[in-house]
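Below is one structure; the comments refer to it alone.
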Amino acid sequence: LSATTAGSKAAALTPDICVIGAGPAGLALATAAAAFGVSVVLIERDRMGGTGLNAGGAALRALVAAGARAVAVRQAGRFGVVTGEPEIAYAQVHDHVQRVIAAGAPDASVERLGALGIVVLKGQAHFTSRSTVTVEGQAIKARRFAIATGAGPAPPALQGLDTISPLTPEALFALTKRPERLLVLDGGPYGTAMAQAMVRLGSAVTLVASDGLLPRHDAEAVAIIRRALLRDGVVLHEGAAVQRAEAIRGGVRLVLAGSEATGETTLQGSHLLCADQRKPDLAGLDLELGGIRFGDDGVEVNRHLRTANSRVFAIGDCVAGAGGGAHVATRQAGLVLRSALFRLPVRQDEETPSVVHSRPELAAVGLQEAQARAKAGKITVLRWPFSETDAARAEGETAGFVKILADRKGLILGVTIVGAHASELITPWGLALRRKLKVQDMAELVPPQPSFSEAWRQASASIYAPLAARPRLRRLIGFLRRFG
Ligand SMILES: Cc1cc2nc3c(=O)[nH]c(=O)nc-3n(C[C@H](O)[C@H](O)[C@H](O)COP(=O)(O)OP(=O)(O)OC[C@H]3O[C@@H](n4cnc5c(N)ncnc54)[C@H](O)[C@@H]3O)c2cc1C
C-alpha cells in the first residue's frame, strides 16, 4: 500500500483496515493495527484528533484546573497562607487551555501517523458500496472498515435557538475574553463542570438543568455536587422547562415556564453554552449504500461492535447508545482490533467508569442502586465519608463519600465515589468488577496512610461491622483471650 493523495484518480487502495474518523477511537484503532504490521488507511475530514483532542476531556480538565487554582488562592487563608482575591487574566486561562490542546496534537499528526505506516487521507468519506468507501474520488476497498466518526454538538430543539448560535464547548475554549454572564443549558457532566469552572474564574453563571442536575448519576452523590455549585455561586434552575430563547442586544435571553402563581422567569446572559447535547455524526456517510443500519442515535451494532454489514465495525461516539467518553471509544478500538486481527470474541465492558470533572469529582463504575436492587434483590450498601479520613481533613477536602453496592455475599455490583480525586480512586474498582471480586477482597488491600484511598478501604472494611456485634463472635473472642 502506498500513500496516495486524495483527489487523484488512482486505482483503489486495498488496505486491511480502513478507519473513518481520526478522533480517539479511530486513532487508537489505526495506530494499534499499524503496530501489528497491518496496512491501514485513516480518513479525516477536519482536524486530526477529533473532538477528543481538540475540545474534549483534556481541554475541559485544563479549564477546571484553572478554576480550581482560583479557589485554592481564595481558600488559602484556611491553611494560614494569607492571600488576596485572585486576579483572573482570562486571556491567559485561554492560553493554558489551548496549550494543553496543542500538546496532544503531535500524537495525531499526519507526519507521526505516516511514520507508523498509516496512509492518512483528508476529506469526507462515504460508502459507495458494501465493500467500498470513497474519499475525494479515491476508492478504498478494505478487508475491514471501522466507522469512528464521533458525535457533534446538537443544541436542543428550542424555539428561537437558531437565531442565537449558542457556544459549543470548543467555541468557549477558544474565547480570549471571559464571558461575563454565561447561561448554560443542560445539567449534564460537561455543562456542569464548565459552569462551575467559569463561575470560579469570575463569570456570573446560571445553569438551567431542565432534566435535573446530572440525572444519570447517583442522587446522593449529585447532592454533594449541587452543594458545591451553589457554594461557588452558580445560579441553578433545576427541572425548569425552557420555553424559548431570544437574541437581545449584547446577548441572549431564556424564558423559563413557571406556574400560574409565579409566571414566566426570564434569564439574561452575554453568552449561552450548550455543552452536553451531542448527536452521532453520520451525515454524508451514505451508510445505506454500505448496507449499514443506523438511527438518529447512531450506528446500530451487535455486541461484537459489528454493523449490519459484517465487514464494517463501528466504535466510539457514533455508535447507537454510546457517549461513554474517550476511554470507552479507545477501549472499543482495542476490542475491534482483537476481532479483526485475531478473530477473538468481543465482549463490551460494563466496567468502564463514568466521570464528572466537577470539583469535587464524581466517578462511578458498575451498577447504580436501583439497577443493583433489580439485579440482586437484597443488596448491601456500604458508605464512608471523606470527612472521616486524615488525608481529606488535612487537605481541606472533606466533602464526599465512597458508596459500594454489593450482593448478599459481598460480590461488588457498583461503586460511586464523589470527592477529591474520585477520577483516580475509581480505577481499582473497575478491576474489582471485572475480576468479580468481593468487598472483602478490597478490604484486604492496604493503601498508603494517610491517603484518600483510605475512604474506600474503610467503606470496604465496614462490611464486617455487623459481624462485630454478633454475641457468639464476641464470646469466641473473649474465650480466646484467656489463652493470652
Ligand atoms: C466538552 C467535552 C468534554 C469531554 N470530556 C471528556 C472527558 O473528560 N473524558 C472522556 O472520556 N470523554 C470526554 N468527552 C467525550 C470525548 O471527547 C468523546 O467521547 C470522544 O472524542 C469520542 O471519540 P470518537 O473518536 O468516537 O469521536 P470524535 O472525537 O468526535 O472524532 C470523530 C472524528 O471523525 C471525523 N469524521 C466525522 N465524519 C467523517 C467523515 N464522513 N469522513 C471523515 N472524517 C469524519 C470528525 O471530523 C472527527 O475528527 C468530552 C467531550 C466534550 C465535548
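The values are calculated or read from the model by the stated rules, or taken from the named source; none is laboratory data. Because the structure is predicted, anything quoted here is derived from the model rather than measured. Glycine also receives a Cβ, built like all others from the backbone with ideal geometry; neighbour counts cover every protein chain displayed. Side chains included, ligands, DNA and RNA excluded: accessible areas come from the protein's heavy atoms. Shrake-Rupley method; radii C 1.70, N 1.55, O 1.52, S 1.80 Å.
Counting only DSSP beta bridges with both residues in the chain, tell me the antiparallel percent, nearest 5. If you can, show how the numbers build up before the last one.
Numbers: 46 of 78 bridges.
Of the beta bridges lying entirely in the chain, close to 60 percent run antiparallel.
What dipole magnitude, in Debye to the nearest 20, does the chain give about its Cα centre under +1 on Lys/Arg Cβ and -1 on Asp/Glu Cβ? Don't skip to the answer; put the middle values down first.
Values: 55 positive and 43 negative charges, 415 e Å.
The calculated dipole for the chain is roughly 2000 debye.
Quick one: Cα convex hull volume of segment 102-160, Å³ per residue? Walk me through the numbers before you get to the answer.
Working: hull volume 10.1 nm³, N = 59.
Roughly 171 Å³ of hull volume per residue.
Using the alpha-carbon atoms, what tilt in degrees (0 to 90, nearest 10) does helix 219-232 show relative to the longest principal axis of the chain?
90 degrees
Can you give the Rg/Rh ratio of segment 61-127, where Rg is from the C-alpha atoms and Rh is the Kirkwood radius? Let's see the in-between values first.
Values: Rg = 20.1 Å, Rh = 15.5 Å.
My calculation puts Rg/Rh at 1.30.
With only alpha-carbon pairs counted, each pair once and no self-pairs, how large is the Kirkwood hydrodynamic radius of segment 277-403 in angstroms? Could you put the intermediate results ahead of the total?
Values: mean 1/r = 0.0567 Å⁻¹.
Roughly 17.6 Å, rounded to one decimal.
Modelled label-to-label distance, A219 and Q449, 7 Å Cα→beta-carbon offset: nm?
3.7 nm
Over 15 Å apart: what share of the alpha carbon pairs of segment 320-382 falls there, rounded to a whole percent?
Values: 1277 of 1953 pairs.
Tail fraction, whole percent: 65.
For R78 and H304, what does the FRET efficiency come to when R0 = 51 Å and r is the distance between their Cβ atoms, rounded to the nearest 0.05?
Details: r = 53 Å, r/R0 = 1.04.
For R0 = 51 Å, the calculated efficiency reads 0.45.
Rounded to the nearest 10 Å², what accessible area does E238 show when all protein chains are kept and the probe is 1.4 Å?
E238 has an accessible surface of roughly 70 Å² with all protein chains in place.
Let me know the volume per residue of the alpha-carbon convex hull for segment 401-484, in Å³. Before the final figure, lay out each step's value.
Working: hull volume 9.8 nm³, N = 84.
Once divided by residue count, the hull of segment 401-484 is 117 Å³.
Heavy-atom accessible area per residue, segment 191-264, 1.4 Å probe: how many Å²? Numbers along the way, then the final one.
Values: 3220 Å² over 74 residues.
With the other protein chains kept in place, segment 191-264 gives 44 Å² per residue.
For K436, go through the lysines and keep the ones whose alpha-carbon is under 29 Å away, minus same-chain ones fewer than eight residues off.
K375, K378, K403, K409
Given the convex hull over the Cα atoms of segment 233-273, what projected area results after averaging over all orientations, in nm²?
Values: hull surface 14.0 nm².
Computing the convex hull of the Cα atoms and averaging its projections yields 3.5 nm².
If I ignore ligands, DNA and RNA and count only protein heavy atoms, how much of Y464 is accessible to a 1.4 Å probe, in Å² to the nearest 10?
Around 90 Å² of this residue is reachable by solvent.
Evaluate 2.2 N^0.38 Å with N set to the residue count of the chain, then give the Cα radius of gyration divided by it. Spell out each step's value before the answer.
Working: Rg = 25.3 Å, N = 484, 2.2 N^0.38 = 23.0 Å.
Against the empirical 2.2 N^0.38 Å value, I get 1.10 for the chain.
Expressed in whole Å with the largest first, what are the equivalent ellipsoid semi-axes of segment 258-352 derived from the C-alpha gyration tensor as the square root of 5 times each eigenvalue? Before the final figure, lay out the partial values.
Numbers: eigenvalues 279, 56, 29 Å².
Largest first, segment 258-352 gives 37, 17, 12 Å.
Take the alpha carbon atoms of segment 190-283, find their radius of gyration, then divide it by 2.2 N^0.38 Å using N residues; give the quotient. Provide the component values of the computation, followed by the final result.
On the way: Rg = 14.3 Å, N = 94, 2.2 N^0.38 = 12.4 Å.
So segment 190-283 has a normalised radius of gyration of 1.16.
Cross-link partners among lysines for K122, C-alpha distance below 28 Å, same-chain residues fewer than 8 apart left out?
K9, K141, K279
Can you give me the three principal axis dimensions of segment 82-208 from its C-alpha atoms, in Å, biggest first?
63, 41, 22
At a Förster distance of 45 Å, what's the computed FRET efficiency of E170 paired with F479, Cβ-Cβ distance as r, to 0.05?
Numbers: r = 69 Å, r/R0 = 1.52.
Using R0 = 45 Å, I get an efficiency of 0.05.
Please compute the Kirkwood hydrodynamic radius of segment 1-96 from all pairs of different C-alpha atoms, in Å with one decimal.
17.2 Å
Please compute the Kirkwood hydrodynamic radius of segment 353-440 from all pairs of different C-alpha atoms, in Å with one decimal.
Values: mean 1/r = 0.0759 Å⁻¹.
Hydrodynamic radius (Kirkwood, Cα pairs) of segment 353-440 is 13.2 Å.
Can you send over the carbon and sulfur percentage of the accessible area for the chain, probe radius 1.4 Å, protein chains only? Kindly include the intermediate steps, with their values, before the conclusion.
Working: 12080 of 23060 Å².
Of all accessible area on the chain, carbon and sulfur atoms account for 52 percent.
Among L63, L29, L53, whose Cα projects farthest towards the positive end of the dipole of segment 25-93, with charges put on the beta-carbon of Lys, Arg (+1) and Asp, Glu (-1)?
Farthest towards the positive pole: L63.
Would you mind telling me the antiparallel percentage of the DSSP bridges in segment 1-152, rounded to 5?
Working: 7 of 21 bridges.
In segment 1-152, approximately 35 percent of DSSP beta bridges are antiparallel ones.
I'd like the distance separating the alpha-carbon centroids of segment 433-457 and segment 372-410, in whole Å.
After rounding, the separation between the Cα centres reads 11 Å.
For a protection proxy built on the mean count of beta-carbon atoms within 10 angstrom, sort 243-255, 23-35 highest first, please. Don't skip to the answer; put the middle values down first.
Details: 243-255: 16.1, 23-35: 25.6.
Put in order of decreasing packing, that is 23-35, 243-255.
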